[in-house]
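Colleague: Below: one structure in structure tokens.
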Amino acid sequence: MTRARASPRQGNSLRPPEGVSLGWWRFDHFDLTLSAWRRVWDKYPLAESMWVTMKLAGIATALTMLLTPAAAYAFHFLTFPLRRVLLIIIINAFVLPQQVVIIPLFTLWRDLGLIDNILSVLIPYVGMSFAWSIFLVKNFFEDFPRELIEAAKIDGCGPLATFRHVVLPNSLSPIFAVGILQFLWTWNALLLPMLFLRNNVPLPVLLARISGSYEINWDLRSVAAIITTIVPLLVFLVFQRQFAAGSQTRAGAKE
């Protein structure tokens with residue numbers, strides 16, 4: 001009878017390949033080594049991929065946190081032609097899977113010469129996040145005290161001044177929630193960068209390459225998985241208070 005393969009969850013970055021293949025429950029060959037860490041750092045550009053991932057996730061998160069509250073404020077408090085139609089189109093994009101836009105995007109980026117360019121991934125990251133992020137912040141604005149908006153108008157504030165001095169300071173909780181969700185999504189995204197980027201790839205793509213097609217490489221996968229997940233874990237732990245507050249739609253109340 002053939003022996004069943006060990007699953008990826010049984011891999012250990014501090015054990016040699018022969019020890020990992022036996023399974024985590026076997027201690028007869030329990031040896032500890034840092035060879036997997038050295039091999040990964042020497043063979044694969046982890047530092048460069050880490051920088052690419054941080055750049056992609058950071059820029060996409062910053063743009064989303066900047067543009068989403070402004071768009072949600074315009075859709076909820078301002079009046080302009082086709083406002084409801086545009087909002088319906090944006091919200092309906094929430095049910096549109098990424099796979100639907102891959103071929104049109106690839107054709108567009110190829111014609112524009114943006115293949116293997118950070119913009120080919122950054123633009124879809126920000127654009128595709130508007131569906132759920134605008135819905136989240138606009139839902140927060142449903143209970144926002146309109147008395148504050150009216151008071152700002154009486155004081156002579158225009159739409160931009162009202163947004164900057166009244167709405168934005170009282171909307172930090174949902175904005176932080178949007179930022180955390182966007183950062184986690186872009187950090188772990190695999191499909192778009194795997195298709196549009198060639199040389200400078202983020203960590204999830206590098207992790208897929210480390211997995212290999214013919215070698216199991218559980219020890220190397222474990223090292224790459226630890227490096228890939230440690231930053232999102234730290235971000236969530238640091239900003240979990242803002243994330244929990246953002247899930248409560250209590251407008252006009254500061255923490």
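Colleague: 7 Å from Cα along Cα→Cβ at both Arg164 and Val238: what's the point-to-point distance in nm?
Modeller: Placing both labels 7 Å along Cα→Cβ, they lie 2.8 nm apart.
Colleague: Pop out the carbon and sulfur fraction of the accessible area of region 149-236 as a percent, whole number, probe 1.4 Å.
Modeller: Numbers: 2720 of 4140 Å².
Taking all protein chains in place, region 149-236 shows 66 percent carbon and sulfur surface.
Colleague: In addition: Karplus couplings for region 96-110 from phi (6.51 cos²θ - 1.76 cosθ + 1.60, θ = phi - 60°), rounded to Hz, Gly and Pro as x?
Modeller: Each residue's phi maps through the Karplus curve to give 8, x, 4, 4, 5, 9, 5, 5, x, 5, 4, 5, 5, 5, 5 Hz.
Colleague: Between Ile103 and Asn199, take the C-beta separation as r, use R0 = 22 Å, and let me know the FRET efficiency to the nearest 0.05. Please report the intermediate quantities before stating the final value.
Modeller: Numbers: r = 23 Å, r/R0 = 1.02.
That gives a FRET efficiency of 0.45.
Colleague: Right, another one. What is the extension gain from Arg209 to Thr229, computed as 0.36 nm multiplied by their sequence separation minus the C-alpha to C-alpha distance, in nm to one decimal? Don't skip to the answer; put the middle values down first.
Modeller: Numbers: separation 20, 0.36 × 20 = 7.20 nm, distance 1.65 nm.
Value of the extension gain: 5.6 nm.
Colleague: If you don't mind, another one. Hey, can you rank 132-139, 231-238, 61-68 by average C-beta count inside 10 Å, highest first?
Modeller: Details: 132-139: 21.1, 231-238: 13.1, 61-68: 19.1.
Sorting 132-139, 231-238, 61-68 by mean packing, highest first, produces 132-139, 61-68, 231-238.
Colleague: What ranking, highest mean first, results for peptides 44-51, 81-88 when packing means the other Cβ atoms within 10 Å averaged over each residue? Kindly include the intermediate steps, with their values, before the conclusion.
Modeller: Details: 44-51: 15.9, 81-88: 11.0.
Highest to lowest by the protection proxy: 44-51, 81-88.
Colleague: Just the accessible area per residue of region 133-193, please: how many Å² with a 1.4 Å probe?
Modeller: 48
Colleague: When the accessible area of region 62-148 is computed with all protein chains present and a 1.4 Å probe, what percentage of it is carbon and sulfur?
Modeller: 71
Colleague: Rounded, prolate or oblate: pick one for region 45-107, where a ≥ b ≥ c are the square roots of the eigenvalues of its C-alpha gyration tensor, a/c under 1.5 means rounded, and failing that, prolate if a/b is larger than b/c, else oblate.
Modeller: Numbers: a/c = 3.87, a/b = 1.63, b/c = 2.38.
Verdict is oblate for region 45-107.
Colleague: Oh, and also: Run the numbers for Leu172 and Val95: contour at 0.36 nm per residue of separation, minus the present Cα-Cα distance, in nm. Mind showing how you got there, number by number?
Modeller: On the way: separation 77, 0.36 × 77 = 27.72 nm, distance 2.64 nm.
Difference between extended and current length: 25.1 nm.
Colleague: Where does region 88-146 land on Rg(C-alpha)/(2.2 N^0.38 Å)?
Modeller: Numbers: Rg = 15.0 Å, N = 59, 2.2 N^0.38 = 10.4 Å.
After normalising by residue count via 2.2 N^0.38 Å, the value is 1.44.
Colleague: Using the C-alpha atoms of region 48-157, what convex hull volume per residue, in cubic angstrom, is computed?
Modeller: 150
Colleague: Give, in nm to one decimal, the length gained when the segment between Asn117 and Asn188 is fully stretched (0.36 nm per residue of separation minus the Cα-Cα distance). Present the calculation step by step, with values, prior to reporting the outcome.
Modeller: On the way: separation 71, 0.36 × 71 = 25.56 nm, distance 1.85 nm.
Answer, rounded to one decimal: 23.7 nm.
Colleague: Would you calculate the separation in nanometres between label points at Leu148 and Thr79, each defined as 7 Å from the Cα along the Cα-to-beta-carbon direction?
Modeller: Label-label distance for Leu148 and Thr79, simple model: 2.3 nm.
The values are calculated or read from the model by the stated rules, or taken from the named source; none is laboratory data. Model, not experiment: these values are computed from the prediction. No Cβ is skipped: glycine too gets one built from the backbone with ideal geometry, and neighbour counts run over all protein chains shown. SASA here: full protein model, heavy atoms, side chains in, ligands and nucleic acids out. Shrake-Rupley method; radii C 1.70, N 1.55, O 1.52, S 1.80 Å.
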